[in-house]
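**Student:** What follows is a structure written as structure tokens; I'll ask about it next.
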Amino acid sequence: MEKIQIDKPGGYDRLRLVSAPDLEPAAGKVLVSVHVAGVNYADCMVRMGLYASAKKYVGWPITPGFDFAGIVEKVGANVSKFHPGQQVFGVTRFGGYATQVLVPAAQLFPLPPEMSLAQAGGVPTVFLTAWYALRELCRLRPGMKILVHSASGGVGGAALQLTRAFGCEPIGIVGGAHKFEAAKKHGAAQVFDKRAPDLWDQVRRAAPEGYAVVMDPNGEETLMKSYQALRPTGRLLVYGFSSMVPLNRGKPSYLRLATKYFKTPRFNPILMTGSNKSVMAFNLSYLFDHHEMLAEGMDELVELFAVRKLTPLDIQSFPLAHAAEAHRALESGTTTGKLVLSTGAPSP
Ligand SMILES: NC(=O)c1ccc[n+]([C@@H]2O[C@H](COP(=O)([O-])OP(=O)(O)OC[C@H]3O[C@@H](n4cnc5c(N)ncnc54)[C@H](OP(=O)(O)O)[C@@H]3O)[C@@H](O)[C@H]2O)c1
């Protein structure tokens with residue numbers, strides 16, 4: 001097999017394609033020949049050595065990659081749900097940037113008929129993130145207004161679609177006018193440019209009563225403004241800190257990290273109770289072994305894809321060996337839709 005390996009934290013040159021012995025499935029596990037692996041912003045954090053669960057579960061060297069689509073090669077003992085030759089997609093706690101991945105059967109799902117392998121490789125992480133935020137952490141009621149940051153990207157595009165699917169009204173913030181179309185395509189009722197000097201006035205005018213939910217992956221840059229944009233009973237969902245890392249640099253600035261860390265708002269529970277708002281935070285990578293919840297999430301998502309309430313995001317594909325280019329593109333902050341890596345395995 002071949003895989004991308006990062007031996008120690010650093011820039012794009014740390015993403016090296018290496019050969020390794022083929023994997024063999026133990027009991028309960030499934031060996032998948034990967035056709036497409038999703039590229040998630042968290043993979044860039046893994047490469048930079050800033051991702052806590054990567055250090056906790058793997059350490060160095062590490063092969064990044066949280067999701068994939070491909071074909072079952074072999075199944076281990078006690079696996080009856082899958083068979084060799086079957087098209088599947090799923091999640092893995094690291095290791096997706098490879099031609100083979102070995103996962104517990106519970107982290108694997110049959111490929112829905114309306115999805116190609118190329119599209120499916122980029123679906124699980126971003127849609128499960130949005131599902132966990134909006135379904136598991138929030139109880140949405142029809143008509144609620146939901147504000148989504150980075151709305152034209154992976155999680156953002158999935159969140160806009162799910163908001164619509166749950167009968168609510170998504171409003172997006174994006175980093176540039178060239179991203180408006182992508183956000184609108186995924187259901188945003190209104191889209192604002194984060195660089196507009198009157199951004200937060202525009203955000204307020206779109207929901208004078210405040211937002212029921214704000215999805216914020218930016219960290220220090222926007223968290224307090226997002227909290228202030230909530231209506232009473234509103235929930236701020238924190239799931240990323242992208243503003244801690246500079247655009248296009250490939251490496252963190254430790255001065256910037258420290259400054260942003262100390263400037264990150266600390267929310268006071270007494271004031272939160274008084275204003276009747278909550279702040280919630282999560283990291284999906286800790287939840288991949290919560291198999292019951294994972295199945296519930298994927299089942300609901302697959303049903304929504306089947307009735308076309310959800311559609312896979314537009315993909316930009318890079319060869320596996322060019323993972324560095326994909327990271328460079330994602331860290332430019334200019335991409336829309338979903339970035340994926342293709343292993344070049346022949347299509348079925
Ligand atoms: N906690 C979790 O479980 C979880 C799971 C998945 C993703 N996430 C987080 O969700 C966010 C989106 O992830 P994604 O994979 O879907 O990426 P993405 O949104 O497709 O791409 C990243 C986007 O983040 C914005 N951004 C802001 N500051 C940035 C910076 N310094 N460098 C690069 N991009 C920056 C840019 O959009 P705009 O300029 O349009 O804002 C950029 O296009 C990330 O922060 C990621 O860590 C968290």
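The values are calculated or read from the model by the stated rules, or taken from the named source; none is laboratory data. As the structure is a computational prediction, the values presented were derived from the model and not from experiment. Ideal geometry is used to build each Cβ from the backbone, glycine not excepted, and the neighbour counts take in all protein chains shown.
**Student:** Among the numbered conditions (1) crowded, with 17+ Cβ neighbours inside 10 Å; (2) assigned to a loop (DSSP other than H, G, I, E, B); (3) at pLDDT below 95, tell me where Leu310 comes up short.
**Tutor:** (3)
**Student:** Somewhere in segment 265-276, is a residue within 16 Å of the ligand (Cβ to nearest atom) and of a type outside the set (Phe, Trp, Tyr)?
**Tutor:** No, segment 265-276 contains no residue that is within 16 Å of the ligand (Cβ to nearest atom) and of a type outside the set (Phe, Trp, Tyr).
**Student:** Quick one: in segment 280-323, which of the residues that are hydroxyl-bearing (Ser, Thr, Tyr) and within 30 Å of Arg16 (Cβ to Cβ) is farthest from the chain's Cα centre (by Cα)?
**Tutor:** So the residue we want is Ser317.
**Student:** Name every residue in segment 296-324 that is without any contact (Cβ under 8 Å) to a residue 60 or more places away in the chain and within 16 Å of the ligand (Cβ to nearest atom), in order of residue number.
**Tutor:** Gln316
**Student:** Considering only segment 249-264, state which residues are away from the ligand (no atom under 15 Å from the Cβ) and either surrounded by 15 or more Cβ atoms within 10 Å (Cβ to Cβ) or not assigned by TED's automatic domain parsing to the domain that holds Pro208 (or both).
**Tutor:** Listed by number, the list is empty, since nothing qualifies.
**Student:** Could you grab me the full set of residues in segment 18-45 that are within 16 Å of the ligand (Cβ to nearest atom) and not in a strand (DSSP E or B)?
**Tutor:** Result: Asn40, Tyr41, Ala42, Asp43, Cys44, Met45.
**Student:** In segment 171-218, which residues are small (Gly, Ala, Ser), farther than 22 Å from Thr129 by Cα and surrounded by fewer than 19 Cβ atoms within 10 Å (Cβ to Cβ)?
**Tutor:** Of everything in segment 171-218, those that are small (Gly, Ala, Ser), farther than 22 Å from Thr129 by Cα and surrounded by fewer than 19 Cβ atoms within 10 Å (Cβ to Cβ) turn out to be Gly176, Ala177, Ala196, Ala206, Gly210.
**Student:** Within segment 48-82, take every residue that is crowded, with 19+ Cβ neighbours inside 10 Å and assigned to a helix (DSSP H, G or I) and give me the one that is nearest to the chain's Cα centre (by Cα).
**Tutor:** Taking the candidates together, the pick is Ala54.
**Student:** Could you list, in sequence order, all residues of segment 327-348 that are more than 11 Å from the ligand (Cβ to nearest atom) and of a type outside the set (Val, Ile, Thr)?
**Tutor:** Leu341, Ser342, Gly344, Ala345, Pro346, Ser347, Pro348
**Student:** Check Gly122, Gly95, Gly85 and return the single one that is in a loop (DSSP other than H, G, I, E, B), within 14 Å of the ligand (Cβ to nearest atom) and closer than 18 Å to Gly344 by Cα.
**Tutor:** Residue meeting the stated conditions: Gly122.
**Student:** Under 9 Å by Cβ, and 6 or more places apart or on different chains, what pairs join a residue from segment 28-42 that is touching a residue at least 24 places away in the same chain (Cβ under 8 Å) and within 15 Å of Leu128 (Cα to Cα) with one that is within 16 Å of the ligand (Cβ to nearest atom) and of a type in the set (Phe, Trp, Tyr)?
**Tutor:** Matching pairs, first to second residue: Gly38/Phe66; Gly38/Phe68; Val39/Tyr97; Val39/Phe318; Asn40/Phe66; Ala42/Tyr51; Ala42/Phe66.
**Student:** If a residue has to be among the basic types (Lys, Arg) and either part of a helix (DSSP H, G or I) or touching a His at 6+ places or on another chain (Cβ under 6 Å) (or both) to count, how many in segment 4-17 make the cut?
**Tutor:** Result for segment 4-17: 1.
**Student:** Same structure again: Within segment 275-327, take every residue that is of a type in the set (Ser, Thr, Tyr) and in contact with a Ser or Thr (Cβ under 8 Å, 6 or more places away or on another chain) and give me the one that is nearest to Val46 (Cα to Cα).
**Tutor:** Ser285
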